[in-house]
Amino acid sequence: MCFDLGGYGIVSSPVSTGSRSAPPPPSAVIPAVIAPPAQYRTSVATIDDVAQAVAELPEVTEDERFGNRTWYVGQMGRKGQKAFAWERPFSKADLRRFGDQTPPDGPILAVRVEDLGEKEAVLAAHPDAFFTIPHFDGYAAVLIELPKVSLSALREALTDAWLACAPPRLAAEFLAR
């Protein structure tokens with residue numbers, strides 16, 4: 001039996017008091033787990049975290065492409081609008097390419113990078129959460145396993161993706177602030 005002590009995130013186990021019918025007095029409870037306060041979030045990143053992070057960047061719009069959430073930079077309706085981040089579930093062909101290997105679990109986000117050199121650097125810097133698949137060979141983008149990425153690394157990747165796709169004037173204005 002476990003008890004929640006007053007909403008402070010402390011979950012405790014009772015010390016045996018010899019009686020099975022009544023809960024132990026508060027003095028007989030030993031803390032078993034102390035959960036961090038809500039402001040020190042320990043949960044995994046989600047697609048909603050992506051949406052929140054990109055909402056802070058200028059001239060971002062969200063739409064669906066192939067049934068998946070996609071974020072664009074540039075003015076709506078203009079030819080220069082570019083996708084810089086998008087949900088990227090695995091296709092049947094992607095899953096076949098994994099063979100006997102287990103594919104990454106959870107939501108996957110694709111983000112653009114400046115060039116193939118940056119792609120290699122990003123993959124080397126974050127091998128636990130960032131990866132690629134054969135479909136992305138020769139393409140300046142990486143995949144992010146959201147359950148494994150820190151929020152700071154996610155925000156950095158989204159900002160870098162935005163900068164890689166933003167019109168030069170907009171990128172310069174953003175960097176100057």
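Each value in this text was obtained by applying a stated rule to the coordinates, not by laboratory testing. As the structure is a computational prediction, the values presented were derived from the model and not from experiment. Methodologically, a virtual Cβ is constructed for each residue, glycine included, from the backbone with ideal geometry; neighbour enumeration extends over all protein chains shown.
Things to note:
- Unit Cα scatterers, Debye sum, the stretch 47-176: log10 I(q)/I(0) for q = 0.19 Å⁻¹: -1.11
- Residue exposure sequence - Ile47, Ile133, Ile144 - by fewest surrounding Cβ within 10 Å: Ile47, Ile133, Ile144
- Estimated dipole of the stretch 47-176 in Debye, rounded to 20 [Cβ of Lys and Arg +1, of Asp and Glu -1, Cα centre]: 460 debye
- Zone residues, the stretch 80-99, relative to Thr46, backbone N less than 19 Å from point 7 Å out along Cα-to-Cβ: 86-89
- Exposure proxy shown here: for Phe84, Phe174, Phe66, the number of other Cβ atoms within 10 Å sets the order, fewest to most, as Phe66, Phe174, Phe84.
- Residue separation of Arg97 and Leu175 scaled by 0.36 nm, minus their Cα-Cα distance, works out to 24.1 nm of gained length.
- Computed from label points 7 Å out along Cα-Cβ, the spacing between Glu59 and Phe131 is 3.5 nm.
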